[in-house]
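Just below is one structure, and these are the notes that go with it.
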Amino acid sequence: MANIDPMVEVFIYENNQLLEQLEDMLLSAEAEAVLNEEQINEVFRIMHTIKGASAMMEFDTLAKVSHAIEDLFSYIREGNSPADSDWENIFDLVLTAVDFIKDEIAKIENGKDPEGQAEELIDGLHALLASIKGEDKPAEAPVAAAPAAAYAAPGGENSADLPGTYYRGVIHLEPGCQMEHVRAFGVVN
């Protein structure tokens with residue numbers, strides 16, 4: 001560990017303990033694809049604690065990510081149960097956020113500034129909360145049509161040689177775009 005302030009050491013230790021506890025709970029509950037009331041309250045409590053400690057230490061990005069998760073679980077713990085289909089996204093996004101926070105705390109532990117970009121993660125959490133609330137989703141950007149010659153039938157054969165029409169779409173995600181699995185899930189659905 002780099003030579004760091006004792007307050008920062010306490011921050012690192014306590015938040016790593018909370019994140020480990022949270023991650024263990026989420027991974028064991030993921031098999032059930034739902035969290036019970038006690039687990040929901042625990043996620044809220046952990047995120048509330050991390051948010052407060054991060055804000056106090058002026059690690060604003062960590063506070064914002066934690067706040068977004070806290071808001072999500074605040075809504076859920078008020079008796080607003082997500083649909084069964086939402087739980088997979090909840091688990092994916094919260095585990096992604098846990099990884100992000102752990103990475104940022106590791107930077108702090110090594111004497112570096114936590115400068116990770118969390119805008120997409122925070123936006124994803126806000127969008128998930130809006131979806132659970134049933135709020136309108138923003139309009140999706142139109143997809144440009146590819147020329148017909150670019151499409152091929154399964155097996156690589158030209159679609160003109162087979163009955164019916166086949167389409168093949170190729171999606172390229174920018175390197176380092178984060179949340180690739182959530183983006184792919186969105187494309188498929």
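Of all residues in region 109-137, those being of a type in the set (Gly, Ala, Ser), more than 30 Å from Ile12 (Cβ to Cβ) and touching a residue at least 24 places away in the same chain (Cβ under 8 Å) number 1. The set of residues in region 67-87 that are among the small types (Gly, Ala, Ser) and within 21 Å of Leu121 (Cβ to Cβ) comprises Ala68, Ser74, Ser85. Across region 61-74, not a single residue is classified as part of a helix (DSSP H, G or I), open to solvent by 20 Å² or more (accessible area, probe 1.4 Å) and of a type in the set (Phe, Trp, Tyr). When the residues of region 84-99 are filtered to those that are without any contact (Cβ under 8 Å) to a residue 60 or more places away in the chain and under 30 Å from Ile4 (Cβ atoms), the one that is farthest from the chain's Cα centre (by Cα) is Asp99.
Filtering region 4-19 for residues that are aromatic (Phe, Trp, Tyr), open to solvent by less than 30 Å² (accessible area, probe 1.4 Å), assigned to a helix (DSSP H, G or I) and within 16 Å of Lys102 (Cβ to Cβ) leaves a non-empty set. Kindly establish whether Asp24 is modelled with pLDDT of 95 or more, of a type in the set (Asp, Glu) and surrounded by fewer than 19 Cβ atoms within 10 Å (Cβ to Cβ). No; evaluated as a whole, the condition is false for this residue.
What about Asn80, is it open to solvent by 30 Å² or more (accessible area, probe 1.4 Å), under 23 Å from Lys133 (Cα atoms) and without any contact (Cβ under 8 Å) to a residue 40 or more places away in the chain? It is false that Asn80 is open to solvent by 30 Å² or more (accessible area, probe 1.4 Å), under 23 Å from Lys133 (Cα atoms) and without any contact (Cβ under 8 Å) to a residue 40 or more places away in the chain.
The values are calculated or read from the model by the stated rules, or taken from the named source; none is laboratory data. Please read these numbers as outputs of a predicted model, since none were measured by experiment. No Cβ is skipped: glycine too gets one built from the backbone with ideal geometry, and neighbour counts run over all protein chains shown. To get the accessible areas, we keep the full protein, side chains included, count just its heavy atoms, and leave off ligands, DNA and RNA. Shrake-Rupley method; radii C 1.70, N 1.55, O 1.52, S 1.80 Å.
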